[in-house]
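S.K.: Got a structure here, written out as structure tokens. Questions coming.
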Amino acid sequence: MMLIKASISKAWKHQRLKEFKLYTAHQSNLSEIISTNIAISNYAKQSKLDVARQLFDQMPQRTVVSWNTMISSYSKHGRFSEALFLVYSMHRSHMKLSESTFSSVLSVCARLSCFEIGEARRVFDVLVRRNEVLWSLMLVGYVTCNVMDDALSVFVKMPRRDVVAWTTLISGFSKNGDGCGKALEMFRLMMRSGETTPNEFTFDCVVRACGRLGILSVGRTVHGLLMKCGLEYDPSIGGALVEFYCECEAIDDALRVCKGVVNPCLNALNSLIEGLILMGRIEDAELVFNGMTEMNPVSYNLMIKGYAVGGQMDDSKRLFEKMPCRTIFSSNTMISVYSRNGEIDKALELFEETKNEKDPVTWNSMISGYIHSGQPEEALKLYITMHRLSIQQTRSTFSALFHACSCLGSLQQGQLLHAHLIKTPFESNVYVGTSLIDMYSKCGSIMEAQTSFVSIFSPNVAAWTALINGHAYHGLGSEAISLFDRMIEQGLAPNGATFVGVLSACSRAGLVNEGMKIFHSMERCYSVTPTLEHYACVVDLLGRSGHIREAEEFIKKMPLEADGVVWGALLSACWFWMDLEVGERVAEKMFSFDPKPISSYVILSNIYAGLGRWREKMMVRKILRGFKVKKDPGCSWIELNNKIHVFSIEDRSHPY
């Protein structure tokens, strides 16, 4: 019996010793794994990823922490392909992926390139069991890479779609200008499905999509849903609503929302200021600006520009001087402000201070400044310097330069610039193309204007209007009307400027019936309310064609009070047709608009002379002499070797 007990005791002790040795060995291995993991992490923090990877590869045993440490290190250093390959290897080694693994992979997917998301998809496809996190990872990856067709494909196959999945997809579509409509479609589907309820992030994406599309009615419906959810005055949503209403030009709604939000975000306030300035409400913009607790350079730049637009140049300069931190954008704005105010020397001084930064906007601002101050030659010289210094040209550069050529009437300079344009990506740009059409039209080459129009990738209303104006300028009334009809057939709605062009064309060509038909269609067919400029065109149309009495009656029946331009058009027609009776009545009207109505007296004097009323002519001439007016001498010019030569009457100083 004693022998049996001794034997059992010995076996038990041997087993315990064996277990202890195994435990000790395990603890030793675990301790070694932990220390190696720490070493890998430390090397990664020192950006020594190759050393960290070498340690990882040499490990005889690895825990999930080992894998996560290496994956996370690759992710933090932007080596996403290696991170994904480790995830793939981890899965193949039958190591269970932890929440930390999913978190690291999510970080990777959020920054993948299009190639790398394809690698991630291959890893995803070999997984037998896919949980919600993995589905979400793939969705985020595709949305981040803007591969929205594949993102939608993953979304449709997801076994369960929560609010995060819906919002991720809607956000991806809304950030793409062409996908905003699809974003709204997905939001409607989300609401109908009843799978989940939208949160503040969902509504933020949807409101911004409505703003980008300019759909005021749909945006207001979404606003109503927000109010039901109690999210209207959430700071993030409130900011999105303010920007939405500003983009839709519903400024009063934007102001109302802004007043209800506690501490509206800076972007929302800047959007509100910009919207108010665009609507010409400078005082309201100033109130918002002065009430801001925090301002950034964008806030100052907007207000500086707003003051300039409102003609408050001194306020623009005062605010610029007050800026705590000026940026290149501020300087560019002030170059434009000084130029518009006739202070070209100050604009040039500021340009000299900032030109070495080689910002294209700085150079464009100075080029435009020269043109605005009547120095188009200097604008062209500055472009030569800009080209020599290899400063990037933008569409605004060429648009301004073509305008300079229009001011000079220099066809050769315009053609040289057009040759430069062909070597840039802007040849088919509608913005540049419109300026090119205008330049060729004003420089006498309507054929080249037509060719430039054809080169535009997708002509908009402005491009069509420029071509119509060009034909009007050349007296091609019938062709201008044909262009107008073609534009309508293309599905483009004419604007006020378009009607000014086509009415002017009818006036120069004497197409009275066609012109009156187009004028009466403005409000009825196209919802364009006629302005004084349109009424002046109609008066000119009737007057040039000899319908003087009809033109006078037309003015009397106008819903707007006629200004000097409208009456001036009729007075010119009276001179052409030598209608003294109406001419004297119109001249009396013109005298009330201007304390020194010189042009009116000159036209009246010419009418008297044409009818042999010399006594009345001498009386008018006596009045004109009392104004001490000096007539500008007549001149003509020619273009020779890319230079404009001007010849004045009795000017003997010109070498030619």
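The values are calculated or read from the model by the stated rules, or taken from the named source; none is laboratory data. None of the values given here were measured: they were computed from a predicted structure. Backbone-built Cβ (ideal geometry, glycine too); neighbour counts: all protein chains shown.
Matching residues to (1) in a helix (DSSP H, G or I); (2) surrounded by fewer than 21 Cβ atoms within 10 Å (Cβ to Cβ); (3) of a type in the set (F, W, Y); (4) touching a helix residue (DSSP H, G or I) at 6+ places or on another chain (Cβ under 9 Å):
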{"position": "R192", "(1), (2), (3), (4)": "yes, yes, no, no"}
{"position": "T197", "(1), (2), (3), (4)": "no, yes, no, yes"}
{"position": "A209", "(1), (2), (3), (4)": "yes, no, no, yes"}
{"position": "R212", "(1), (2), (3), (4)": "yes, yes, no, yes"}
{"position": "S236", "(1), (2), (3), (4)": "yes, yes, no, yes"}
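S.K.: While we're on this one: Among the numbered conditions (1) at positive phi; (2) at pLDDT 95 or above, tell me where G510 comes up short.
M.R.: Of (1) at positive phi; (2) at pLDDT 95 or above, only one is false for G510: (2).
S.K.: Could you tell me which numbered condition V565 fails, if it satisfies all but one of (1) surrounded by 12 or more Cβ atoms within 10 Å (Cβ to Cβ); (2) at pLDDT below 90; (3) not small (G, A, S)?
M.R.: (2)
S.K.: Looking at the stretch 418-448, which of its residues are of a type in the set (A, V, I, L, M), crowded, with 21+ Cβ neighbours inside 10 Å and touching a residue at least 24 places away in the same chain (Cβ under 8 Å)?
M.R.: The answer is V432, L436, I437, M439.
S.K.: Pick from S271, S316: which is hydroxyl-bearing (S, T, Y), over 22 Å from N341 (Cβ atoms), outside any loop (DSSP other than H, G, I, E, B) and modelled with pLDDT under 90?
M.R.: S271
S.K.: I'm trying to understand the selection: among the residues of the stretch 372-390, which are among the hydrophobic types (A, V, I, L, M, F, W, C) and under 27 Å from A462 (Cβ atoms)?
M.R.: The answer is A379, L380, L382, M386.
S.K.: Out of all the residues in the stretch 382-417, which are without any contact (Cβ under 8 Å) to a residue 40 or more places away in the chain, part of a helix (DSSP H, G or I) and farther than 22 Å from V430 by Cα?
M.R.: The answer is L382, I384, T385, M386, H387, R388.
S.K.: Right, another one. Among L483, L467, which is assigned to a helix (DSSP H, G or I), under 22 Å from S406 (Cβ atoms) and in contact with a His (Cβ under 8 Å, 6 or more places away or on another chain)?
M.R.: Values: L467 fails: in contact with a His (Cβ under 8 Å, 6 or more places away or on another chain).
None of the other options fit; the residue is L483.
S.K.: Within the stretch 438-464, which residues are outside any helix (DSSP H, G or I) and among the small types (G, A, S)?
M.R.: G444, S445, S458
S.K.: Right, another one. Pick from the stretch 449-464 the residues that are out of contact with any Asp or Glu (no Cβ under 9 Å at 6 or more places or on another chain) and within 16 Å of H403 (Cβ to Cβ): which of them is surrounded by the fewest Cβ atoms within 10 Å (Cβ to Cβ)?
M.R.: Ranking the qualifying residues of the stretch 449-464, first place goes to A462.
S.K.: Let me ask something else about it. So in the stretch 279-293, with the set limited to residues that are assigned to a helix (DSSP H, G or I) and touching a Gly at 6+ places or on another chain (Cβ under 9 Å), which one is surrounded by the fewest Cβ atoms within 10 Å (Cβ to Cβ)? Don't jump to the end; show me each part of the working.
M.R.: Residues of the stretch 279-293 that are assigned to a helix (DSSP H, G or I), as a first pass: 282-290.
Cutting the leftovers down to touching a Gly at 6+ places or on another chain (Cβ under 9 Å) gives us 282-283, 285-286, 289.
Details: I282: 20, E283: 10, A285: 25, E286: 20, F289: 20.
Here the residue is E283.
S.K.: Okay, next question. In the stretch 212-244, how many residues are within 21 Å of N263 (Cβ to Cβ) and small (G, A, S)?
M.R.: Counting residues in the stretch 212-244 that are within 21 Å of N263 (Cβ to Cβ) and small (G, A, S) gives 5.
S.K.: Just give me the residues in the stretch 573-620 being surrounded by fewer than 18 Cβ atoms within 10 Å (Cβ to Cβ) and of a type in the set (V, I, T), in sequence order.
M.R.: I598, V602
S.K.: Consider G491 against the criteria (1) within 20 Å of D438 (Cβ to Cβ); (2) outside any helix (DSSP H, G or I): it satisfies all of them except one. Which criterion is unmet?
M.R.: For G491, the exception is condition (1).
S.K.: Here is a further query. Of E247, E274, E243, which residue is touching a helix residue (DSSP H, G or I) at 6+ places or on another chain (Cβ under 6 Å), of a type in the set (D, E, K, R) and over 19 Å from M292 (Cα atoms)? Break it down stepwise before answering.
M.R.: Details: E274 fails: over 19 Å from M292 (Cα atoms); E243 fails: over 19 Å from M292 (Cα atoms).
E247 is the lone residue from the list that is touching a helix residue (DSSP H, G or I) at 6+ places or on another chain (Cβ under 6 Å), of a type in the set (D, E, K, R) and over 19 Å from M292 (Cα atoms).
S.K.: Sticking with this structure for a sec: All but one of (1) within 18 Å of L416 (Cα to Cα); (2) in contact with a Gly (Cβ under 7 Å, 6 or more places away or on another chain); (3) surrounded by fewer than 22 Cβ atoms within 10 Å (Cβ to Cβ) hold for Q393; which doesn't?
M.R.: Against the list (1) within 18 Å of L416 (Cα to Cα); (2) in contact with a Gly (Cβ under 7 Å, 6 or more places away or on another chain); (3) surrounded by fewer than 22 Cβ atoms within 10 Å (Cβ to Cβ), Q393 comes up short only on (2).
S.K.: Looking at G179, G224, G118, which is the one that is surrounded by fewer than 16 Cβ atoms within 10 Å (Cβ to Cβ), modelled with pLDDT under 85, of a type outside the set (S, T, N, Q) and in a helix (DSSP H, G or I)? Can you show your working first?
M.R.: Values: G179 fails: surrounded by fewer than 16 Cβ atoms within 10 Å (Cβ to Cβ); G224 fails: modelled with pLDDT under 85.
Result: G118 is the single residue among G179, G224, G118 that is surrounded by fewer than 16 Cβ atoms within 10 Å (Cβ to Cβ), modelled with pLDDT under 85, of a type outside the set (S, T, N, Q) and in a helix (DSSP H, G or I).
S.K.: Going by the conditions given, is Y535 among the aromatic types (F, W, Y), in a helix (DSSP H, G or I), at pLDDT below 90 and crowded, with 18+ Cβ neighbours inside 10 Å?
M.R.: Answer is no for this residue.
S.K.: Collect the residues in the stretch 465-507 that are surrounded by fewer than 19 Cβ atoms within 10 Å (Cβ to Cβ), within 26 Å of the chain's Cα centre (by Cα) and among the hydrophobic types (A, V, I, L, M, F, W, C), keeping them in residue-number order.
M.R.: The answer is I488, L492, A493, A497.
S.K.: Here are some residues: I34, I8. Which one is modelled with pLDDT under 80 and more than 28 Å from L137 (Cα to Cα)? Full working, then the answer.
M.R.: Values: I34 fails: modelled with pLDDT under 80.
The match here is I8.
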